[in-house]
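The values are calculated or read from the model by the stated rules, or taken from the named source; none is laboratory data. If you're wondering where the values come from, they're calculated on a predicted model, not measured in any experiment. All Cβ positions, even for glycine, are placed from backbone atoms using ideal geometry, and neighbour counts span all protein chains on display. The accessibility values were calculated without ligands, DNA or RNA, using every heavy atom of the protein model including side chains. Shrake-Rupley method; radii C 1.70, N 1.55, O 1.52, S 1.80 Å.
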Amino acid sequence: MKIESFTRPNMLLAFRWAAVTTFVALMSTSTIAATPRDLPEFASLVEHQAAVVVNISATQSARTARAHAPYMQDDPGDDDNNVPGWLRRFVPKMHPQDPQGSQDPDDNDGDDGDGAVGSGFIISSDGYVLTNTHVVEGADEVLVRLNDKREFAARIIGMDKRSDIALLKLDATGLPKAVFGDPAKLRVGDWVLAIGSPFGFDSSVTAGIVSAKGRALPDETLVPFIQTDVAINPGNSGGPLFNLKGEVVGINSQIYSRSGGFMGISFAIPIDVAMDVQAQLRQQGRVSRGRIGVMIQDITKEMADSFGLPQPVGALVSGIEPNSPAEKAGVKVGDVIVRFDGKAVTNSIDLPRVVSATHPGVNASMQLWRHGTSKTLSVAVAEFPEEAKLAVNLPAPEPQGGNRLGLVTQDLSRDQKRDMKLELGASIREASGPAARAALRPGDVVTAVIAHGQTTDVRSADHFNRVANGLAGGSALTLLVRRGESQSFVGMKVPATK
């Protein structure tokens, strides 16, 4: 009994010590795996690359400042901006104006100056510098200060608002220049580093990771932005984004912010996009982009099913400009463009980027999906013009009829036919259920129904109701809808019959 009672506690003690030893060993292994030696070493990168980063001071007279206000000052309450309120292109003021409008006693001409601070970087030893357009736009004088404190008056070679890229020239030689990397090789989760002048503090360094690639922003669909969590603040605009090799992979341009300060989401223009823009600015003073003249949208799973498309990929053509390259090539509303000039179009956002990067005048091949089969067309790419905004003025229809999709519709009035240049269709009066969830609204006009790979033109409100109510519960369908001067496809499912 004594031996047995002695042995059991010792066995338990031995097991406990074994467990503790194993835990300590695991903790030691974990600690070793997370030692600083395995973390990025930023100091050497900064020592070698900080010299290519510059501070930019853009000054303008009060008259010029009023005529050419920057995209976004450091006031989050400013309503007169060209970008959404949550998207900030920061250009901090150098000398904020007195809120009471008082005048500097040393300013005898009564024309108070205004200025902004930004960043940039040297791309050639003979003095070419890249920055953001919103940093220097409207400036009467641009002063560039190098890392070694030398200052140069810069000449603006060209600016491109669409990409927010500006090219400057310094009267200097033998300057350090940036080395460029390939943004396509960046992976989500890779470390990246920014050097700039937030709030005017020169050569400030922040680091983070790549959060996403190929982001489209509400005010810009042609630039596939690199999203990071690198801390970017007013004054970082135009500065470089480095990979761990010390190569510039992007230009810091905008941040997401509801407070006016950094909130963990920033966006950089890929360096290959920027270098293409600067090359055109240097050679011809402007940027030429391709266009084919189509209105497009994403294709949902329901739409793909109704079109007979195996997967919901590509850009769905919802409209075609008259006499455009697309119309001349034979593109039709309802076509799904899946490849352009040999490049895959996975989402609708891919198409404008690929087309705009195609040189005007090129005959490009275009693969599309039409009526359940693949088709290839050749399209002559034209030059991208200035965009025009179309006004939308929708008449209010009267109630008539209803269907399983949650739509109450009416026949087109004489005024609707004239204003919208339509002869047939069903005008929506009320939308509920599936229709409301699909964002249909009063005043929209349904012109066609696509189901099981077949397209049926809507002749009247009654015809539309019969077609919709004749579909089996759970069926996927797509509606072609006119809203003002534009049209788009809307996918949904017929509610299951109870």
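For region 270-301, which residues satisfy the criterion of being surrounded by 19 or more Cβ atoms within 10 Å (Cβ to Cβ) and out of contact with any helix residue (DSSP H, G or I) (no Cβ under 9 Å at 6 or more places or on another chain)?
Result: 274, 277, 278, 281.
Among what's in region 217-240 and is part of a loop (DSSP other than H, G, I, E, B) and surrounded by fewer than 21 Cβ atoms within 10 Å (Cβ to Cβ), pick the residue that is farthest from the chain's Cα centre (by Cα).
Looking only at region 217-240, we keep the residues that are part of a loop (DSSP other than H, G, I, E, B), and these are 218-219, 229-239.
So of that shortlist, the ones also surrounded by fewer than 21 Cβ atoms within 10 Å (Cβ to Cβ) come out as 218-219, 229, 231.
Working: 218: 6, 219: 7, 229: 16, 231: 19 Å.
Here the residue is 231.
Quick one: residue 312 ticks every box in (1) in contact (Cβ under 8 Å) with a residue 24 or more places away in the chain; (2) open to solvent by 10 Å² or more (accessible area, probe 1.4 Å); (3) not in a helix (DSSP H, G or I) bar one, so which box is it?
(1)
Only one of (1) under 28 Å from residue 352 (Cβ atoms); (2) part of a strand (DSSP E or B) fails for residue 187. Which number is that?
(2)
Name the pairs whose Cβ atoms lie under 7 Å apart, with the first residue in region 433-459 and over 13 Å from residue 479 (Cβ atoms), the second outside any loop (DSSP other than H, G, I, E, B) and open to solvent by 10 Å² or more (accessible area, probe 1.4 Å), and 6 or more positions between them or separate chains?
442/429; 442/430; 442/431; 453/307
So which residues in region 411-439 are over 35 Å from the mean Cα position of the chain (by Cα) and surrounded by fewer than 20 Cβ atoms within 10 Å (Cβ to Cβ)?
Passing the criteria: 413, 414, 415, 417, 418, 423, 424.
I'm trying to understand the selection: among the residues of region 465-480, which are out of contact with any Leu (no Cβ under 7 Å at 6 or more places or on another chain) and either closer than 16 Å to residue 427 by Cβ or outside any loop (DSSP other than H, G, I, E, B) (or both)?
Scanning region 465-480 gives 465, 466, 467, 469, 476, 478, 479, 480.
Please go through region 207-253 and pick out each residue that is closer than 16 Å to residue 179 by Cα and among the aromatic types (Phe, Trp, Tyr).
The answer is 242, and nothing else.
Take the residues of region 162-210 that are within 24 Å of residue 230 (Cα to Cα) and among the basic types (Lys, Arg): which is surrounded by the fewest Cβ atoms within 10 Å (Cβ to Cβ)?
187
Any residue at all in region 187-198 that's without any contact (Cβ under 8 Å) to a residue 40 or more places away in the chain and on the phi > 0 side of the Ramachandran plot?
For region 187-198, residues without any contact (Cβ under 8 Å) to a residue 40 or more places away in the chain and on the phi > 0 side of the Ramachandran plot: present.
I'm checking my understanding of the structure. Among residues of region 445-464 that are outside any strand (DSSP E or B) and surrounded by 21 or more Cβ atoms within 10 Å (Cβ to Cβ), which one is farthest from the chain's Cα centre (by Cα)? Before you say what the answer is, go through the steps one by one.
At the first step, the residues of region 445-464 found to be outside any strand (DSSP E or B) are 452-453, 458-464.
From what's left, surrounded by 21 or more Cβ atoms within 10 Å (Cβ to Cβ): 458, 461, 464.
Details: 458: 36, 461: 39, 464: 37 Å.
Only one residue fits best here, namely 461.
For the subset of region 465-498 comprising residues that are among the basic types (Lys, Arg) and over 12 Å from residue 451 (Cα atoms), which member is surrounded by the most Cβ atoms within 10 Å (Cβ to Cβ)?
Ranking the candidates gives 482 first.
Filter region 120-145 down to the residues that are of a type in the set (Gly, Ala, Ser), open to solvent by less than 10 Å² (accessible area, probe 1.4 Å) and not in a strand (DSSP E or B) and list them by number.
127, the sole residue that qualifies.
Scan region 249-256 and give yes if some residue there is assigned to a strand (DSSP E or B) and open to solvent by 30 Å² or more (accessible area, probe 1.4 Å), otherwise no. Even if it seems obvious, please write down each step before you answer.
Narrowing region 249-256 to residues assigned to a strand (DSSP E or B): 249-256.
With open to solvent by 30 Å² or more (accessible area, probe 1.4 Å) added as a condition, the list becomes 256.
Checking region 249-256: at least one residue is assigned to a strand (DSSP E or B) and open to solvent by 30 Å² or more (accessible area, probe 1.4 Å).
Consider region 315-349. How many of its residues are surrounded by 23 or more Cβ atoms within 10 Å (Cβ to Cβ) and charged (D, E, K, R)?
The number of residues fulfilling the criteria is 1.
Of the conditions (1) on the phi > 0 side of the Ramachandran plot; (2) assigned to a loop (DSSP other than H, G, I, E, B); (3) open to solvent by 60 Å² or more (accessible area, probe 1.4 Å); (4) in contact (Cβ under 8 Å) with a residue 12 or more places away in the chain, residue 149 clears all except one; give me its number.
Just one mismatch for residue 149, condition (4).
What is the one condition in (1) under 25 Å from the mean Cα position of the chain (by Cα); (2) within 23 Å of residue 487 (Cα to Cα) that residue 372 does not satisfy?
Of everything listed in (1) under 25 Å from the mean Cα position of the chain (by Cα); (2) within 23 Å of residue 487 (Cα to Cα), residue 372 misses just condition (1).
Quick one: count up the residues across region 447-466 that are touching a helix residue (DSSP H, G or I) at 6+ places or on another chain (Cβ under 6 Å) and among the β-branched types (Val, Ile, Thr).
4
Go through region 152-161 and report how many residues are surrounded by 15 or more Cβ atoms within 10 Å (Cβ to Cβ), under 23 Å from the mean Cα position of the chain (by Cα) and not small (Gly, Ala, Ser).
The initial filter retains those residues of region 152-161 that are surrounded by 15 or more Cβ atoms within 10 Å (Cβ to Cβ), namely 152, 154, 156-160.
So of that shortlist, the ones also under 23 Å from the mean Cα position of the chain (by Cα) come out as 158-160.
Of the ones still in play, those that are also not small (Gly, Ala, Ser) are 159-160.
Adding up the residues that qualify gives 2.
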